[in-house]
1. What's the number of the only condition in (1) touching a residue at least 40 places away in the same chain (Cβ under 8 Å); (2) more than 17 Å from the chain's Cα centre (by Cα); (3) closer than 20 Å to Lys194 by Cα that Cys97 fails to meet?
2. Going through the range 238-266 one residue at a time, which ones are in a helix (DSSP H, G or I) and either over 19 Å from Asn491 (Cβ atoms) or open to solvent by 10 Å² or more (accessible area, probe 1.4 Å) (or both)?
3. Only one of Leu272, Leu206 is touching a helix residue (DSSP H, G or I) at 6+ places or on another chain (Cβ under 8 Å), aliphatic (A, V, I, L, M), at pLDDT 95 or above and on the phi < 0 side of the Ramachandran plot; which?
4. Would you mind stating whether Ser24 is closer than 30 Å to Ile102 by Cβ, modelled with pLDDT of 90 or more and loosely packed, with under 15 Cβ neighbours inside 10 Å?
5. Check Ile399 against each of (1) touching an Asp or Glu at 6+ places or on another chain (Cβ under 7 Å); (2) part of a helix (DSSP H, G or I) and name the one condition it does not meet.
6. List the pairs whose first member sits in the range 25-36 and is closer than 15 Å to Val338 by Cα, whose second member is assigned to a helix (DSSP H, G or I) and hydrophobic (A, V, I, L, M, F, W, C), and whose Cβ atoms are under 6 Å apart, counting only residues at least 6 apart or on separate chains?
7. Considering each residue of the range 29-59, count those that are of a type in the set (Ser, Thr, Tyr) and open to solvent by 20 Å² or more (accessible area, probe 1.4 Å), and give that number.
8. Can you name the condition, by its number, that Arg411 falls short on among (1) closer than 27 Å to Ser108 by Cα; (2) touching a residue at least 40 places away in the same chain (Cβ under 8 Å); (3) open to solvent by 50 Å² or more (accessible area, probe 1.4 Å)?
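The values are calculated or read from the model by the stated rules, or taken from the named source; none is laboratory data. Predicted model only: the values in this text are computed from it and were never measured. Cβ placement follows ideal geometry from the backbone for every residue including glycine, while neighbour counts extend to all protein chains displayed. Side chains are part of the model used for accessible areas, which takes the heavy atoms of the whole protein and leaves out ligands, DNA and RNA. Shrake-Rupley method; radii C 1.70, N 1.55, O 1.52, S 1.80 Å.
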Amino acid sequence: MAILGTLLKKGITLRESLEQLYTSPLDLQKQELRNLLIHCQGTKFGQAYAFPKILSSFKQGKDDFYQSYKREVPIFDYDKIYAEWWHLAKEGKQDVCWPGKIKYFALSSGTSGAPSKYIPITREMVKSIRKTSVRQILTMSKYDLPASLFSKGILMLGGSTDLKKSGHYFEGDLSGITASQIPFWFQHFYKPGKKIAKTKDWNDKLEEIVKKAPNWDIGIIVGVPAWLQILMEKIIEKHGVKTIHDIWPNLKIFVHGGVSFEPYKRGFEKLLKHPLYYMETYLASEGFIAFQAYPNQKSMRLVLNNGIFYEFVPFTEANFDEDGKMRPDAVTLKIDEVEENKEYALLITTNAGAWRYMIGDVIKFTSVEESEIVITGRTKLFMSLCGEHLSLDNMNKAIELVEDELKIDIREFTLLGDRSGTLFAHHWYIGTDDKVDERQLIERIDFHLKELNDDYKVERGSALKELKVSILPTGTFYNWMEAQGKVGSQNKFPRVLKKEKAQLWRKFLSEQNLQAS
C-alpha cells in the first residue's frame with residue numbers, strides 16, 4: 001500500500017479506466033454483452049434463450065444485437081429468475097445461468113420482495129469487484145492526500161467472513177464473501193482483521209472493534225453510514241474522548257454506499273475533529289455498478305467494461321404501475337439512447353448469471369458523455385397514493401434541508417401512506433434524539449417537498465389532505481431492524497414502508513407503547 005501511495009501521486013491509471021475514457025459507451029457495452037453471451041452459450045439458460053442466434057446478430061447493423069437480445073431473452077425480477085433458474089444452481093446443479101457450479105450466494109436484505117434474496121456470486125464477479133475497487137482507489141490521485149495515508153489501516157465494517165455452509169454452497173453478506181477472499185498483499189492493512197471479521201454476532205463484532213480501536217492507525221473507513229456512525233459513537237464513549245480523530249488522528253476518507261449519506265452527514269460530522277473526504281460507491285449484491293470518480297462531486301461513474309451490461313427503463317407511469325411493478329410492454333433502452341436528468345430503472349446482465357435482471361434501483365444521468373449517474377430511488381420505494389410521485393431523492397433532500405434549517409440531527413426516517421377520510425395522508429416517522437416541535441417539523445418538510453416536486457404541490461391542494469408526523473428516539477428504528485433480523489452490515493432501514501411491512505412497523509410501535517396511529 002505504501003507503493004500504491006507513490007503510484008497514486010504519479011497519477012497511475014489502470015488499462016480499464018483508460019479504455020472507458022477513450023471508447024464510446026456503446027462500443028464498451030456491446031463488447032461486454034458479446035463476451036457474456038459467448039461465455040454462457042453452453043449453459044442451460046443460453047440454450048433455452050438462443051444465445052448462438054443472438055451472437056450472430058452482432059455482425060449485422062448497429063442496433064441488431066440489442067433488438068435480438070430483447071427479442072429472445074425476457075426480463076426477470078428476483079422472484080422470476082430464482083423460481084425458474086437460480087434455485088437450480090442453489091441446489092447444486094451446474095451450468096445453469098453461468099458455467100460450472102455456484103459456490104457462493106450473497107444474502108440480500110430484500111427491501112422490495114422476499115425476506116432474504118439469494119444472489120449468486122461467481123469467481124468472475126469477485127474479480128470484477130476487486131478490479132473496480134482498485135479503479136476507485138486510483139482515483140484518489142485527484143485528492144489532496146499524503147502518500148503516507150496508504151500505509152495506514154483500512155477499516156471495513158462488513159458481514160461475517162465465517163460463511164454458513166448450506167449443502168452445496170456458502171452463504172453470507174457480499175461484504176463477508178469478498179472479505180473472506182481478500183488478496184494477501186492487502187491483509188496487513190485490513191481491519192478489523194481475520195479473527196474479528198469472522199464474528200457472527202453483529203453486536204459482539206462492534207464491541208470487539210471498540211476495544212481494539214486505539215491499537216489501530218486507521219486512515220480509511222468503509223461501510224454503511226448508519227452502522228459506522230453507531231460504531232464511532234461507541235468508540236468515543238468507551239474511550240472517553242471527544243471525536244474519532246482523538247483515536248484515529250490520520251483518518252482522512254470515508255467510503256460509503258447503500259443509502260444516501262446526506263441525511264446522516266450532520267450527525268456524522270459532529271464526531272469529527274477534521275473534515276473527511278467522502279467517496280460514494282454503488283456496490284450491490286449483484287455487482288459493482290458505479291463509483292465516485294472525482295472529489296466533491298455527488299455523481300458516480302458507471303462502470304461499462306467490467307462484467308456488466310446495462311439496460312435502462314424510463315421510470316414513468318407508461319412503464320410502471322402504482323406499485324412499482326414493470327408493465328409487460330415497458331420500453332427498454334441501451335446506453336446510447338438515454339438522456340440526462342430523466343429517471344431510469346436499471347436492468348443488468350452480469351458475470352454472475354443475472355440476465356436482463358431488474359435490480360430495483362432508479363438512477364438519473366447527470367452526464368451522458370461521462371456516464372455519470374446518481375441514484376434517485378427504488379422502483380418500489382416511492383410514495384404515490386394519488387399522483388404525488390414522491391421519490392426517494394425528494395425525501396432525502398427535504399430531510400437534509402430541514403436538518404440544516406432547524407439545526408437538528410435526523411438519523412433515520414420512514415414514510416407510510418394513510419387515509420384521511422375519503423382522501424389521503426402521509427405519515428412521517430422521524431428518528432431524532434434532538435428536541436423539535438412537531439408542527440414546525442412537518443410544516444418545513446411539506447414546504448421543501450412542494451419546492452422539490454410539482455406533482456406533490458398540486459396534490460397537496462387536492463387529494464393529499466393531511467400530513468402526520470411521529471418523532472421517535474433513533475434507537476427505535478434500530479430495535480425494529482433487530483426484531484426483523486436485519487441488524488448489521490448491509491442492512492438499511494426502508495425509507496418507505498408499504499403493506500405487510502407497514503403493518504409490522506405499526507404493530508412494533510404499539511408493542512413498544514410508541515405512537516403508531
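1. Failed condition: (3).
2. Taking the range 238-266 first, the residues in a helix (DSSP H, G or I) are 238, 244-246, 262-266.
Scanning the range 238-266 gives Lys238, Ile244, His245, Asp246, Glu262, Lys265, Arg266.
3. Values: Leu206 fails: at pLDDT 95 or above.
Criteria check complete, one pass: Leu272.
4. Working: closer than 30 Å to Ile102 by Cβ: no; modelled with pLDDT of 90 or more: yes; loosely packed, with under 15 Cβ neighbours inside 10 Å: yes.
For Ser24, the condition - closer than 30 Å to Ile102 by Cβ, modelled with pLDDT of 90 or more and loosely packed, with under 15 Cβ neighbours inside 10 Å - is not met.
5. (1)
6. Correct list of pairs: Pro25/Ile335; Leu26/Ile335; Gln29/Ile335.
7. Of the residues in the range 29-59, the ones of a type in the set (Ser, Thr, Tyr) are 43, 49, 56-57.
Narrowing further to those that are open to solvent by 20 Å² or more (accessible area, probe 1.4 Å): 49, 56.
The number of residues fulfilling the criteria is 2.
8. Here Arg411 meets the rest and fails (3).
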